[in-house]
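Enquirer: Here it is, the structure, as structure tokens.
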Amino acid sequence: MTPEQPCRRVRLGVLISGRGSNMEALAKAAARPDYPAEIVLVLSNKADAAGLVIASDMGIPTLALPHRAYASRSDFDTALDTALRQHGVELIVLAGFMRILTPAFVQSWPGRIINIHPSLLPLYPGLDTHARALAAGDSEAGCTVHLVTEALDDGPALAQARVPVLAGDTPETLAARVLAEEHRIYPEAIARLARSIAAEVTG
Ligand code: GRF
């Protein structure tokens, strides 16, 4: 990129439910002037998510939509969709968002929802991935960035990182080793996707 061709920054909406360490890693990457995307909203289904405070302290707009305030999953997803579109979000980044999205929601954002999962998909979709990898006696573990489809933790993989499983590992020690890789590959994969979205939209 040259100074004559400023890069258009694709607008990201980051969905979280808790700690927000992947969101924080992404926000730090996006603070660099050459990063091809910006976080325009961090939204949580939990009002007490620690990540909302981190985002707010970094000057990023935040919103809590407590899912229990909605009569149905579909009503919640409608509110989610409205908030994201009001903020001009172009790419939805799931970062520890512990709600399953309805098929109607996923279909209305085709190719525009990305997730990170703490396993080497297709191994161990769902919860407790590190405990399951240890119970299986796996010699390596890792994380996968993928596009979101209607099936849980499915969809085309965009990036993967591997780490060794070490003698004496617990789910916690293994999770910490994998998390360091998540913080590295998620901002990289989002940058690649953002560049292709920017190219698509601007032609
Ligand atoms: C990460 O391990 C991510 O892979 C999974 O949920 C966790 C979220 O952690 N989807 P954080 O909130 O980003 O710290």
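Throughout, read-outs are computed from the coordinates displayed, never taken from laboratory work. Since we're looking at a predicted model, the values are computed, not measured. Counting neighbours? That spans all protein chains shown, and the Cβs are built from the backbone with ideal geometry, glycine included.
Enquirer: Take region 124-154 and flag every residue that is surrounded by fewer than 17 Cβ atoms within 10 Å (Cβ to Cβ), under 15 Å from Thr173 (Cα atoms), without any contact (Cβ under 8 Å) to a residue 40 or more places away in the chain and aliphatic (A, V, I, L, M).
Expert: Ala135
Enquirer: I've got another one for you. Give me the residue from region 135-153 that is within 16 Å of the chain's Cα centre (by Cα) and within 14 Å of the ligand (Cβ to nearest atom) and, out of that set, farthest from Val14 (Cα to Cα).
Expert: Only one residue tops the list, namely Gly142.
Enquirer: Here is a follow-up. Six or more apart or on different chains, Cβ under 9 Å: which pairs go from a residue in region 34-63 that's closer than 14 Å to Phe97 by Cβ to one that's among the acidic types (Asp, Glu)? Could you list them?
Expert: Within 9 Å, the pairs are Gly51/Glu24; Ala55/Glu24.
Enquirer: Now for a different question. Collect the residues in region 75-123 that are of a type in the set (Ser, Thr, Tyr) and surrounded by fewer than 20 Cβ atoms within 10 Å (Cβ to Cβ), keeping them in residue-number order. Don't jump to the end; show me each part of the working.
Expert: Just the residues of region 75-123 that are of a type in the set (Ser, Thr, Tyr), to begin with: 78, 82, 102, 108, 119.
The answer is Thr78, Thr82, Thr102, Ser108.
Enquirer: Same structure again: Suppose we filter Val163, Val178 for residues that are part of a strand (DSSP E or B) and within 15 Å of the ligand (Cβ to nearest atom); which single one remains?
Expert: Working: Val178 fails: part of a strand (DSSP E or B).
The match here is Val163.
Enquirer: May I pose another question? Tell me whether region 55-63 contains one or more residues that are hydrophobic (A, V, I, L, M, F, W, C) and farther than 19 Å from His183 by Cα.
Expert: Filtering region 55-63 for residues hydrophobic (A, V, I, L, M, F, W, C) gives 55, 58, 60, 63.
Cutting the leftovers down to farther than 19 Å from His183 by Cα gives us 63.
Within region 55-63 (the criterion being hydrophobic (A, V, I, L, M, F, W, C) and farther than 19 Å from His183 by Cα), the answer is yes, since at least one residue qualifies.
Enquirer: Which members of region 70-104 meet the condition of being over 26 Å from Pro118 (Cα atoms) and of a type in the set (Ser, Thr, Tyr)?
Expert: Narrowing region 70-104 to residues over 26 Å from Pro118 (Cα atoms): 70-72, 74-75, 78-79, 82-83, 85-88.
Result: Tyr70, Ser72, Ser74, Thr78, Thr82.
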